[in-house]
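Q: Below: one structure in structure tokens.
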Amino acid sequence: MNRAERMSRVAALFADGAASVAPRSLCGTSVAALLVSSAGLTLMSGDHSSPVCASDTRAGDLDDLQFALGEGPCPDAHRSRTPIFEPDLEGASTGRWPQFAPAAVDVGVRGVFAFPLNAGVDCIGVLTLYQDAAGDLTPDQAADGPLVAEALVRSMLTIQSGSGPDVLARELIDVDAHRAEVHQATGMVAVQLGIAITDAALRLRAFAYASGRSVAAVARDIVDRRVRLADDADRDEAGGVPFE
Amino acid sequence: MNDRMSSVTREDLLVRTFVELTDSLVDDFDIIDLLTALADGCVELGLASASGILLSDEHGKLRVMAASSERTRLLELFQLQNDEGPCLEAYATGEAVLDADLSAAFDRWPRFAPEALAAGFRSVDALPLRLRAAPIGALNLFSALPGGMSEANRRIARAMGDVAAIAIIQNQMVRESEVRARQLQHALDSRVAIEQAKGMVAERLACDMDHAFGVIRSYARSHRRHLTAVAAEIIAGTLSLEAAVVTPPVDRPRPPAG
């Protein structure tokens, strides 16, 4: 297949029926176009990320984990603005993601492939593909990946154009991902510890990691005031004290 | 002059011009640079003594985007064509104006024709630039010789016009997509900032998130500020939480611990 044929095939899949207007189906369409096990789509800006959709809960969890850890193919693809391929997470070359790689393997993922969603000079997000089996992408998958990324950029920008300049289109917010609580908890931690918001985000992640829980779960406890982060002087070993 | 040019040289020049133009379309390109190269190319290839590319702005007014020369007189000729002239006709009708003999065009263009003659031109062409069916501007070619272009030159001129139209459309698409990408990222940042500011206010006032949002929103409204700007100032610490709280929520007890 030449490039023009590939482009028209991908364009047809994404313009076909609801995909152009239903953001939830963007990941499913990407999986169908690329024939991979699962996929997650994340919107990104600087240090912020926001899940748009995932083709299954495992992909959603792994996207979330990368956000919580601050490591993985998705942040790497966003930073470098180039595709990041890891055909075998159990292989020797995975020292780059010491926490993410074993966690992904634990849930049955062997290969990860992240494509940046570049729009001109900006990178607005990342499409992360998850493969159950180890191995490189086929030539077809590798050739179609960037075309799917381009189609996703077009779809997401079209969806957002229906919303105000300051308002993220409702359809681009994954209501199931509970990110709002993470940001709210970050604000609470900043006040609790009297620190800057970026430091608060790091403290929240560190606290979740130290207590062996997900950032989302800890955030919910903070927002519900079951947990608060105390300052260094009176913190317990996990860095937090129960809210009184 | 072009007839005396050896065919090999001319073919070389033609190939080089088009290769340069299409090469520059592939990567990031500056649209004015490209259109200027195109206008220069029309003169270098012997299609015209002077050339320019005019595009309509959002009000439908034709503006000179590039010219083969910055001679004031030439620029004035382009400018004049917002009222009358071959470019206005080509833009308005979508049809090319070909080989217009300026000495015989005083009725057609009472101001433009004498001005163009006085500037040393004898004939003029205007080729419409189109985005699909819609006209977006015109390529203007002035000749110091009467009789206009050969059929071969006219085909080249049309191809030059097509390259210009493709470049303009490509540039618009990239620009639009960049603007939208920025808006999307701004919207994401905005949403994160508002949630974080809610958390800060909720912690300080020991209230729930809905109430915290109400506090931020009423501050923004009463000060005629955008929510995002207020949230950003709360986060940066330049707007104290106390100042943001116009009326403290005395009737809101802290929710019970889970």
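Q: When you scan region A:190-230, how many residues do you find that are outside any loop (DSSP other than H, G, I, E, B) and out of contact with any Lys or Arg (no Cβ under 7 Å at 6 or more places or on another chain)? Reasoning before the result, please.
A: Initial filter on region A:190-230 (outside any loop (DSSP other than H, G, I, E, B)): A:190-193, A:197-210, A:215-223, A:227-229.
Restricting the remaining residues to those that are out of contact with any Lys or Arg (no Cβ under 7 Å at 6 or more places or on another chain) gives A:190, A:197-210, A:216-221, A:223, A:227-228.
Of the residues in region A:190-230, 24 are outside any loop (DSSP other than H, G, I, E, B) and out of contact with any Lys or Arg (no Cβ under 7 Å at 6 or more places or on another chain).
Q: For region B:190-215, how many residues meet the condition of being within 15 Å of A:Val182 (Cβ to Cβ) and facing chain A (nearest Cβ under 7 Å)? Break it down into steps so the answer makes sense when it comes.
A: So the first thing to find is which residues in region B:190-215 are within 15 Å of A:Val182 (Cβ to Cβ), and the list is B:191-200, B:202-203, B:209.
If we keep only those that are facing chain A (nearest Cβ under 7 Å) as well, we get B:191-192, B:195-200, B:202-203, B:209.
So the answer is 11.
Q: Please verify whether B:Asn171 is within 31 Å of the chain's Cα centre (by Cα) and open to solvent by less than 20 Å² (accessible area, probe 1.4 Å), treating the condition exactly as stated.
A: Details: within 31 Å of the chain's Cα centre (by Cα): yes; open to solvent by less than 20 Å² (accessible area, probe 1.4 Å): no.
For B:Asn171, the condition - within 31 Å of the chain's Cα centre (by Cα) and open to solvent by less than 20 Å² (accessible area, probe 1.4 Å) - is not met.
Q: If you don't mind, there's one more thing I want to ask. Does B:Glu58 satisfy being in a loop (DSSP other than H, G, I, E, B) and of a type in the set (D, E, K, R)?
A: Working: in a loop (DSSP other than H, G, I, E, B): yes; of a type in the set (D, E, K, R): yes.
Answer is yes for this residue.
Q: Can you tell me how many residues within region A:99-132 are more than 14 Å from chain B (Cβ to nearest Cβ) and in a strand (DSSP E or B)?
A: Narrowing region A:99-132 to residues more than 14 Å from chain B (Cβ to nearest Cβ): A:99-115, A:127-132.
Filter again for in a strand (DSSP E or B), leaving A:111-115, A:127-131.
Number satisfying all stated conditions: 10.
Q: Just one of A:Gly60, A:Gly70 is surrounded by fewer than 18 Cβ atoms within 10 Å (Cβ to Cβ) and in contact with a helix residue (DSSP H, G or I) (Cβ under 9 Å, 6 or more places away or on another chain); which is it? Break it down stepwise before answering.
A: Details: A:Gly60 fails: surrounded by fewer than 18 Cβ atoms within 10 Å (Cβ to Cβ).
Sole residue among the options that is surrounded by fewer than 18 Cβ atoms within 10 Å (Cβ to Cβ) and in contact with a helix residue (DSSP H, G or I) (Cβ under 9 Å, 6 or more places away or on another chain): A:Gly70.
Q: So, in region B:182-237, exactly how many residues are of a type in the set (A, V, I, L, M), touching a residue at least 24 places away in the same chain (Cβ under 8 Å) and more than 27 Å from A:Ile159 (Cα to Cα)? Outline the logic, then answer.
A: Narrowing region B:182-237 to residues of a type in the set (A, V, I, L, M): B:184, B:187-188, B:192-194, B:197, B:200-202, B:205-206, B:209, B:212, B:215-216, B:220, B:227, B:229-232, B:234-236.
Going one step further and asking which of them are touching a residue at least 24 places away in the same chain (Cβ under 8 Å), we end up with B:193-194, B:197, B:200-201, B:205-206, B:215-216, B:227, B:230-232, B:234-235.
Now drop any that are not more than 27 Å from A:Ile159 (Cα to Cα), which leaves B:200-201, B:205-206, B:215-216, B:234-235.
Residues that pass the stated criteria total 8.
Q: Another question, then. Those residues that are within 17 Å of A:Ile195 (Cβ to Cβ), at the interface with another protein chain (Cβ under 9 Å from one of its Cβ atoms) and open to solvent by 10 Å² or more (accessible area, probe 1.4 Å), I need them from region B:216-245; list them, please.
A: Within region B:216-245, B:Ile235, B:Ala236, B:Gly237, B:Leu241 qualify.
Q: Next question, about the same structure. Evaluate region A:120-128: report whether one residue or more is under 22 Å from A:Leu26 (Cβ atoms), of a type in the set (S, T, N, Q), open to solvent by less than 10 Å² (accessible area, probe 1.4 Å) and out of contact with any His (no Cβ under 7 Å at 6 or more places or on another chain). Even if it seems obvious, please write down each step before you answer.
A: Of the residues in region A:120-128, the ones under 22 Å from A:Leu26 (Cβ atoms) are A:120, A:122-128.
Of the ones still in play, those that are also of a type in the set (S, T, N, Q) are A:128.
From what is left, the residues that are open to solvent by less than 10 Å² (accessible area, probe 1.4 Å) are A:128.
Cutting the leftovers down to out of contact with any His (no Cβ under 7 Å at 6 or more places or on another chain) gives us A:128.
So far as region A:120-128 goes, yes, one or more of its residues are under 22 Å from A:Leu26 (Cβ atoms), of a type in the set (S, T, N, Q), open to solvent by less than 10 Å² (accessible area, probe 1.4 Å) and out of contact with any His (no Cβ under 7 Å at 6 or more places or on another chain).
Q: Which condition from (1) open to solvent by 40 Å² or more (accessible area, probe 1.4 Å); (2) more than 11 Å from chain B (Cβ to nearest Cβ); (3) of a type outside the set (Gly, Ala, Ser) is the one that A:Ile195 breaks?
A: Among (1) open to solvent by 40 Å² or more (accessible area, probe 1.4 Å); (2) more than 11 Å from chain B (Cβ to nearest Cβ); (3) of a type outside the set (Gly, Ala, Ser), the lone unmet condition for A:Ile195 is (2).
Q: Where residues in region A:147-168 are crowded, with 20+ Cβ neighbours inside 10 Å and facing chain B (nearest Cβ under 10 Å), which of them is modelled with the highest pLDDT?
A: Result: A:Val153.
The values are calculated or read from the model by the stated rules, or taken from the named source; none is laboratory data. Because the structure is a prediction, the values reported are computed rather than measured. Virtual Cβ from ideal backbone geometry, glycine too; neighbours counted across all protein chains shown. Accessible surface areas use protein heavy atoms only, side chains included; no ligands, DNA or RNA. Shrake-Rupley method; radii C 1.70, N 1.55, O 1.52, S 1.80 Å.
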